[in-house]
1. Can you name the residue in the range A:1-32 that is under 19 Å from residue A:93 (Cβ atoms) and without any contact (Cβ under 8 Å) to a residue 60 or more places away in the chain and is also surrounded by the most Cβ atoms within 10 Å (Cβ to Cβ) among such residues?
2. Can you find a residue in the range A:201-213 that is within 11 Å of chain B (Cβ to nearest Cβ) and modelled with pLDDT of 90 or more?
3. Looking at the range B:325-341, can you tell me whether even one residue there is outside any helix (DSSP H, G or I) and surrounded by fewer than 21 Cβ atoms within 10 Å (Cβ to Cβ)?
4. Scan the range B:413-432 and tell me whether some residue there is closer than 17 Å to residue B:331 by Cβ, among the basic types (Lys, Arg) and more than 9 Å from every other protein chain (Cβ to nearest Cβ).
5. Can you find a residue in the range A:35-48 that is closer than 23 Å to residue A:352 by Cα and in contact with a Ser or Thr (Cβ under 9 Å, 6 or more places away or on another chain)?
6. Answer yes if at least one residue in the range B:282-302 is farther than 30 Å from residue B:114 by Cβ and assigned to a loop (DSSP other than H, G, I, E, B), and no otherwise.
7. So residue A:86 ticks every box in (1) within 16 Å of residue A:472 (Cα to Cα); (2) buried (at least 19 other Cβ atoms within 10 Å of the Cβ); (3) more than 20 Å from the chain's Cα centre (by Cα) but one. Which box is left unticked?
8. Go through the range B:374-388 and give me each residue that's in contact with a Gly (Cβ under 6 Å, 6 or more places away or on another chain), within 9 Å of chain A (Cβ to nearest Cβ) and more than 19 Å from residue B:270 (Cα to Cα).
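The values are calculated or read from the model by the stated rules, or taken from the named source; none is laboratory data. A quick note: this is a predicted structure, and the numbers were derived from the prediction, not measured. Neighbour counts are summed over all protein chains in view; Cβ atoms, including those assigned to glycine, are modelled from backbone coordinates with ideal geometry.
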Amino acid sequence: MSFPLLTCILLAPVTGLVLILLTPGRQETLIKWIALAAAAVTLVLSIWLCLKFDPANTGFQFVERLDWVKSYGIHYSNAVDGLNVWMILLTSIVIFCGILVSWTVTFRVKDFFANMLFLVSGVFGVFMTTNLFFFFLFYEIAVIPMYLLIVIWGSTNKQYAAMKLTLYLLLGSALMFAGFLYIYSLPGSHTFDLIQIKQNVSFTAEAQNVLFLGLFLGFGVLAACFPFHVWSPDGHVAAPTAASMLHAGVLMKLGAYGILRVGVYLLPEGARHWAHLVAWLSLCNIVYGALVATQQKDLKYIIGYSSVSHMGIVLLGIATLTPVGFNGAVFQMFSHGLMTALFFACVGHIYDGCHTRQLSDLGGLSKQAPVISAFFIIAGLCGLGLPGMGSFVAELLVTIAALSVYPVIGIVSLTALLVTAYYVLTAVQKTFYGPVSEKASHLRDIGLFQFIPRAILVGCLIYFGIFPQVFIHLISVSTKGLLGA
Amino acid sequence: MDILLFLPETILSALIFLYLCLALAKKELSPKTLTRLAGLGAFVVLVSVVYSMNFSGQLFHGTYRSDLLSQCFKALIGLGLLLTVLLSGSPLAVPGSRALEYFVFLFSATLGMMMISSSVDLLTLFVSMELSSYSLYLLTALRLDRRNAESSVKYLILGAAGSGVFLWGASLVIGLSGTASFAGLIQSPASAQPAFLLGLVFILFAFLFKLSAAPMHFWAPDVYESAATPVTNFIATASKAAAVAILVRFLMSSGVSAALAGLLGVFAFISMTLGNTAALLQKDVKRLLAYSSIAQAGYILVGLLAGTPEGYASSLFYAAAYLLMNTGVFLVVHLVAKALKHDNPQLAHFDGLAERSPKLALLLLLSLLSLAGIPPLAGFTGKWILFSAAMDQGHWFLVLWAVLNSVVSLFYYLTLAKHAYLEKPSTKEPIVLTGPMKSLGFGLLLSIIALGIFPDLFISLAQKAVSGALIP
């Protein structure tokens, strides 16, 4: 076996977690540096992974495999293709920035960073594994620390939001669990290995339809698919800054990734059968999320509902079942991840300074804190799909694919973009311009250290907005292969 | 060789004899000494089980069978005994004046359970079951307050009714087939008659009583609540392992027909639903755990009714995982109760446990998450293999229902964890852990995680045990 790069990416946060647990809780600075070092190692390794990734290879690369429970077909096996290589990079960027942003955490520091690293280990695990058992295992590992992060360090109705989020996500995972076991029980299967299942199991049409629906609903909960999105705005709002970044930035992508990796990859016929349903639901996401966002008073709720709306674009891209749509969906996952992370990183700072997120209490922040305002406005521009930003290309690809497959849905989703522009600009105008409000007068701008994580996110957004080819180049082979073409 | 097959049981009998002699000697030994002696004894029993792990053979004219399967279950029961003895060092749990009786009945209950897991004959089985049951009735009655007396009488009456039903079923089955041995039952030509099937179902009722599964679950909440915490732990762990042992052995011989699987499916459905819904409303932690154990019994039934070697092996695995995680919770309950000087801690008494003792809070959290089936803990892996065995036989609805139930169960498990981590404590007084408790807790914690992440060794052991027992 060659150098187990993927396992190293997974082990870096795990090692950091163990080190943090061994460090006494008083040494807060040391704990923060350990967490940062772990995140930095994953970031470097993920960049290295992207550089060494061979875009011409149609199959899985960097394959690692170890028997775990042989009699049940459970292997510890990792591999990447064009889909998850980007998701791994996204995760490592967001966790690196997230840890930098949480440098200001002072309450139960040790537990906080331990939870963050535990969560991110789960996320990495889901993105790299090719075994359904480990997929599920890592998925749940990602959910439980989220509960703790919200309930201990959160704000605004946190107990309610945390319990709601956890129960919703586990309800989704219950459907996944049953679906995975059903796949296991099919004739010729008796393994949880994704690649072997793809090769050996011939699903009947009925099995495809039932399974895809079950798995889609299961994953759809995490992807905040309408009508299962209700946990997500509450969760975003209640979570502490770094957790919101990870949550909206990465965790919701697990659901969409699952639909692609398990749903569409294993069950292309089932996907075709339900594609219309997925498309209509995604339209509900886009329109409903945007409309609700216009009515929100709390800055974080606006972003929360905008996430619902943007995840709709991802789902619409998937529903087109075309390579272009998939490319757009994955690109949207990537750039939306960076964008919401940036949003929450800015809102977190504003909330720390002003102790409010109500639009009516804010105003004139751009005079008080020009740098953080600039970052927020950049994120906002990205959110409404300004050319030159990552989201623009992603939304363009999805819209092109959607217009050719579902013309009506495509056109309606286009008009929803206007609503997006409306609420983003309104929020920006009310928050950053006009007279300086009393609460905003306490706000200080960010220092150089806090500048770095936000600058990294902006840099990535602009880089991939200007050079989308870098991104498309690596995924197109894999998205073409998804439907078994 | 024969004595080696019966080695753990012999040692247990010797222990009972020793404690009875001590009672006759009229020499007052302090409860502490008795507990230590009992701990040593339980350890020796456990070692002897492990030593006799690979012996197999029949005893007493083929009515008693020691093989890897029975020895695995005996190891679990022995471990349950050892853990229970370790939890017994509190005057709250065992009144000093009754320490001798307490240990005598604890040992005799263990002896009965070990014999249950080796019985391959209905009459031997009945004797073993009565031995363990009557010991348990007495153990639950040791506290002697009104509440306690009421619930132990309830336990006794329901248990006696269960035994009666068993005898009725056994008389039908034995009368129709002319044999009492499990192996003979299946080969008998009468096995298709309705009366025979009815007899089988009656016999199963007695097993379900021990497992605290619906429709024989009524005793569990009261008994769990009113018995001393170590006794509750013993009933919840060792006794459950014995129940799983006999269910595995019995279903293995009788086979699981479609009708039987349907019936067990209904019971599993009711157990899970009822246990989890009722647990949502509980304030008393031990009562909550009783309902949780009813729900857990439902999950085990889902695996058992698959009727395949995988199903049996995963039930064995789950019984082991269940023993560890349940003891983890009971250890915390016991220590909280000890600090509280009241043996029935309510949810509110767990407030701020994380501040009073972070280690205990962590043990509680992980044990609860494991009970809820959250990875990477033992309970998760156990549920995964249980349910995949059932799914393999096409019981998709039950599996889906069981998984949804696990989500519901997470709500009340998390509620308890929330009290420990988020509520402000009413007293700041830290809970001091003694050395043995600390290492016990640490051991439980490690084994819950290890069994979850590296289950292969135990799964293959369980599969070997089951396949070894399948050959008549």
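1. Applying the filter and picking the extreme gives A:12.
2. The answer is yes, given that some residue of the range A:201-213 is within 11 Å of chain B (Cβ to nearest Cβ) and modelled with pLDDT of 90 or more.
3. Keep residues of the range B:325-341 that are outside any helix (DSSP H, G or I), which gives B:341.
After this cut, where a residue has to be surrounded by fewer than 21 Cβ atoms within 10 Å (Cβ to Cβ) as well, the list is B:341.
Yes: one or more hits.
4. No, that holds for no residue.
5. Filtering the range A:35-48 for residues closer than 23 Å to residue A:352 by Cα gives A:35-36.
Next cut, in contact with a Ser or Thr (Cβ under 9 Å, 6 or more places away or on another chain) only: A:35.
Looking for residues that are closer than 23 Å to residue A:352 by Cα and in contact with a Ser or Thr (Cβ under 9 Å, 6 or more places away or on another chain), one finds at least one in the range A:35-48, hence yes.
6. Yes, some residue in the range B:282-302 is farther than 30 Å from residue B:114 by Cβ and assigned to a loop (DSSP other than H, G, I, E, B).
7. Against the list (1) within 16 Å of residue A:472 (Cα to Cα); (2) buried (at least 19 other Cβ atoms within 10 Å of the Cβ); (3) more than 20 Å from the chain's Cα centre (by Cα), residue A:86 comes up short only on (3).
8. Result: B:376, B:380, B:381.
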